[in-house]
1. Work out from phi, with θ = phi - 60° and the Karplus expression 6.51 cos²θ - 1.76 cosθ + 1.60, the ³J(HN,Hα) of each residue of the stretch 305-311, listed in order in whole Hz, and give x for Gly and Pro.
2. So what is the 222 nm mean residue ellipticity for the chain from helices alone, if each DSSP H run of at least 4 adds -39500 (n - 2.57) and you divide by all residues, rounding to the nearest 500 deg cm²/dmol?
3. Can you give the Rg/Rh ratio of the stretch 1-68, where Rg is from the C-alpha atoms and Rh is the Kirkwood radius?
4. Dipole size in debye (nearest 20) for the chain around its Cα centre, Lys and Arg Cβ +1, Asp and Glu Cβ -1?
5. Give the carbon-plus-sulfur fraction of the accessible surface of the chain in %, rounded to a whole number; probe 1.4 Å, heavy atoms of protein chains only.
6. For the chain, what is the per residue volume of the convex hull drawn over the alpha-carbon atoms, in cubic angstrom?
7. Towards the positive end of the charge dipole of the chain, with charges on Cβ (+1 Lys, Arg; -1 Asp, Glu), say which of LEU304, PRO117, SER421 has the farthest Cα.
8. Of LYS62/LYS84; LYS62/LYS374; LYS18/LYS393, which pairs sit farther than 18 Å apart, going by alpha carbon to alpha carbon?
Amino acid sequence: MATKEEFFEHIESGYATKGDFIVMGAAMLDGEAITDAHVKVPLKTLNRHGLIAGATGTGKTKTLQVLAENLSDKGIPVLLMDLKGDLSGIAQPSPGHPKIDERHAKIGLPFEAKAFPVEILSLSEQDGVKLRATVSEFGPVLLSRILDLTETQEGIVAVVFKYCDDNKLPLLDLKDFKKVLQYATGTGKAEFTKHYGRISTSSTGSILRKIIELEQQGADLFFGEKSFDVDDLTRVDENGKGYINILRLTDIQDRPKLFSTFMLSLLAEIYSTFPEQGDSDRPELILFIDEAHLIFNEASKALLDQIESIVKLIRSKGIGLYFVTQNPADVPNAVLSQLGLKVQHALRAFTARDRKAIKLTAENYPISEYYDTKEVLTSLGIGEALVSALDEKGRPTPLAATLLRAPMSRMDVLTDSELKSIIKRSDLVKKYGEVIDRESAYEILNEKIEKAEVEAEKEKAKPKTTSRRRSTSTRQNPVIKVLTSATFIRGVLGVLKKVMR
Ligand SMILES: Nc1ncnc2c1ncn2[C@@H]1O[C@H](COP(=O)(O)OP(=O)(O)O)[C@@H](O)[C@H]1O
Ligand SMILES: [Mg+2]
């Protein structure tokens, strides 16, 4: 059997770092923490993404909290996707507990109670900084992915965006987009056909149905102004602590499409806004997604491909993505294979399926002469986990069963009044709270259709000869040409008839 001294040396050299780092806890041998055998993650490799997994109640969310607050302490801002609403306590110091002191004595780390700067964000009606994006910003590619469109339908979406671009029609919300789509096969059919080719009503119909499905999940709250500037996620407070931005998603669990729309939009926006980092010593922003299976479970193949490629690319921008989930199998393999930090809490072996999952998980960890990984996986206590990270050279660190440090902030949630006071103090809540309803595609097209109807009425009233002369003299003006074309007038008459009925 390995001696404690050998093991200590193994951990100390395996986790040695030149640059700055975060201490996660102390390595354990035969179920006992080895004081001062610190398990450290270098800041340099935190942009290499990670996974926190384990059965319910084993300490995943607390591990997330520990990582988030230590990052903040180092001046690194964080975004937390809080699906159960249990992370707000980060804004208040821990009240402390003899058990926490005991834990920290074993680790060989002084315990300090601290609060951290917190910003509360919201995707829905809940209070907080409203996160929104316009349809224009979202773009045709992502919109097609999220709607799971066919190639033909995707082509139509691209044409709609092109049309709005050519005609300076702002696409702010889904109402705008639907309006243009209807216009393309209705009043504006001739105009569209001439400049962009024919668009079939059955295709626009299918796209409309998919948009309505998305709206039913609350996406109409997400699309619109004022659009969120991702730079606001990277704020540092007056004491040099990174802001911990908590996106409260308690009301979103039954709306996975809205969540994946938001995630995709956010990642794409971050990717296009943040500069390349090169070989940086520290990350720019770390994102944690609790209950990560929610984005993957309902995602289409196209959406998964998109997520996978963004996960790969975003690293070079200094962004680390951390998935928190019960079962690593919830996360696609292509994403799993890209993860640098793995924190595996205890797994429970109740069923044959559980035992299979444990075997699979164990096989995915580096072999260790100190542990029987399968055995350790089922015997870890609460707030203990198997950790494997990347050292500064990008090599896997030794596998370490770790007694994790306790959060410095409160493990319990904020009270309603504590939460309200954070929201009340926030400048960002004010910045993104103002309601803007500027003229967009919906209003502009409505006006255009109305004008066309008036024109059509006038045309109808005029004698035939005048009309012919007029149409030749206005050949240069395509809009008037369209407005006076037979198809257009027939269309308008059709609309009028319907309205009259
Ligand atoms: N690192 C830790 N230090 C101290 N207590 C912990 C730690 N991790 C977990 N615990 C205890 O275990 C409980 C459950 O942890 P939690 O993170 O909510 O589990 P999970 O997210 O896996 O369901 C916490 O309320 C806390 O009492
Ligand atoms: Mg949890």
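1. Rounded to whole hertz, the list is 4, 5, 4, 4, 6, 5, 4.
2. -14000 deg cm²/dmol
3. Result for the stretch 1-68 is an Rg/Rh of 1.00.
4. The dipole magnitude comes to about 3160 debye.
5. Here carbon and sulfur together make up 51 percent of the probe-accessible area.
6. 169 Å³
7. LEU304
8. Going by Cα-Cα distance, LYS62/LYS374 fall outside the 18 Å limit.
The values are calculated or read from the model by the stated rules, or taken from the named source; none is laboratory data. Keep in mind it's a predicted model, so treat the numbers as computed, not measured. When we count neighbours, we look across all protein chains shown, and the Cβ atoms used for this are built from the backbone with ideal geometry, even at glycine. SASA here: full protein model, heavy atoms, side chains in, ligands and nucleic acids out. Shrake-Rupley method; radii C 1.70, N 1.55, O 1.52, S 1.80 Å.
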